[in-house]
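To keep things clear, I will list the structure first and then write my remarks on it.
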Amino acid sequence: MTPAASNATKTPIVHGVDLCRTFEVGDTRVHALDHVDISMDSADFVAVMGPSGSGKSTLMNILGCLDRPNSGSYQLLSHQVANLDDASLSAIRNQHLGFVFQSFHLLPRLTALDNVLLPLRFAKGDVTDALEHALDLLARLGMSDRIDHRPNQLSGGQRQRVAIARALMVKPTLLLADEPTGNLDSKTASEILELMLTFNREGQTILLVTHESSIAALAHRIIHMRDGRIEGEEINA
Ligand SMILES: Nc1ncnc2c1ncn2[C@@H]1O[C@H](COP(=O)(O)OP(=O)(O)O)[C@@H](O)[C@H]1O
Ligand SMILES: [Mg+2]
């Protein structure tokens, strides 16, 4: 697989400065994020890599507006999000962000198509357009003949394809993927990564969290985390 290709015109998407997130567990305090700076531009494909417990998911949750830092500032496009209330945070999340998780997070009772249509329950717009967009995404992900299947009738790779279609449904400014191939065999994992690369080449901005260097190697930029800190960054030309 060749690395992601970067785009010529760049818009700042993510700008996090001095982000800290601590968790109190009993009488210990865990510094899950310890003064982290991170910036991303449009069409970037950034991998966050590090061992288990290094703060990758915490960073993704903050950039994905699922959590807030204890201190530091985070700007997503023109929005200062670190201090927003829950309602504003979820509005920004629904409008700008798509998520893909290791364990797919599909709703078991819904068909593939209905899972993909789900994010639009918050959005305005034409239902016919939405249906067309969902069918188009499922087709591009090779799932046209499975749209009426429920998650338990699909393989892991097929479930992740549905999850990617769902994440892309809102045309997210930023796609966040936390160990998206962690539950897949290596052949299926490469297929999923190849699909993500294809969307990136068309301009989709992606942040991918992984603990595997072979997966991180596909990104433009690899951010290495350890103990809540960024210990280094590599550019993948
Ligand atoms: N909700 C939480 N409550 C307490 N500790 C947490 C919580 N979330 C994460 N942590 C701790 O913060 C650190 C970073 O976790 P995490 O971001 O999940 O790491 P990674 O995704 O790299 O495995 C770990 O020490 C973890 O135990
Ligand atoms: Mg994690």
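Close amide H pairs (under 5 Å, H built 1.01 Å from N) link R21 with A32, L33, D34, H35, N70, residues at least 5 positions away or on another chain. Which of the three applies to the range 1-112, rounded, prolate or oblate, going by the alpha-carbon gyration tensor with a ≥ b ≥ c and a/c under 1.5 meaning rounded? Note, shape of the range 1-112 comes out rounded. On the basis of the beta-carbon distance and an R0 of 35 Å, D18 and A237 show a calculated FRET efficiency of 0.75.
Computed over the chain, the Cα gyration tensor eigenvalues convert (square root of 5λ each) into semi-axes of 28, 20, 18 Å, ordered from largest to smallest. Over the chain, with a Gaussian network built from C-alpha contacts below 10 Å, which listed residue (G64, G26, G50) shows the highest mean-square fluctuation? Top of the fluctuation ranking is G26. Backbone phi angles across the range 97-113, fed through the Karplus curve with coefficients 6.51, -1.76 and 1.60 (θ = phi - 60°), yield HN-Hα couplings of 10, x, 10, 10, 10, 4, 9, 6, 6, 8, 7, x, 7, 9, 5, 3, 4 Hz in residue order; Gly and Pro are listed as x.
Put simply, the Cα atoms of the range 91-223 extend 41, 32, 22 Å along their principal axes, the longest span coming first.
For the chain, the share of DSSP beta bridges that are antiparallel, to the nearest 5, is 55%.
Length gained on full extension, A91 to S39, computed as 0.36 nm times the residue gap minus the Cα-Cα distance: 16.5 nm.
Per-residue Cβ neighbour counts within 10 Å put E179, E194, E234 in the sequence E194, E234, E179, beginning with the fewest. Two tests apply to each whole DSSP H helix in the chain, Cα reach of 27 Å or more along its axis and mean Kyte-Doolittle hydropathy of at least 1.0, and none passes both. Which part of the range 139-171 falls in the paramagnetic zone of D185, meaning amide N under 14 Å from the point 7 Å along Cα-to-beta-carbon? Those under the cut-off are 155-158. DSSP beta bridges fully contained in the range 112-237 are about 60 percent antiparallel. Between D41, D178, D126, the Gaussian network model of the chain with springs among Cα atoms under 10 angstrom shows the greatest mean-square fluctuation at D126. Modelled this way, with points 7 Å down the Cα-to-C-beta line, the labels at N70 and V127 are 4.8 nm from one another. Spatial offset of the range 185-237 relative to the range 67-141 amounts to 21 Å, using the alpha carbon center of each. Normalised by the number of residues in the chain, the mean separation of alpha-carbon contacts (under 8 Å, six or more apart) gives a relative contact order of 31 percent. With helices as the sole contributors, the chain gives -9000 deg cm²/dmol at 222 nm; each DSSP H run of n ≥ 4 counts as -39500 (n - 2.57), and the sum is divided by every residue. Listed by chain and number, the aspartates and glutamates placed with their C-alpha closer than 14 angstrom to that of K10 are D41, D44, E202; residues fewer than eight positions away on the same chain are left out.
Since every read-out is calculated from the coordinates, none of them should be taken as a lab result. A quick note: this is a predicted structure, and the numbers were derived from the prediction, not measured. Reconstructed Cβ throughout: ideal geometry from the backbone, glycine too, with neighbour counts over all protein chains shown.
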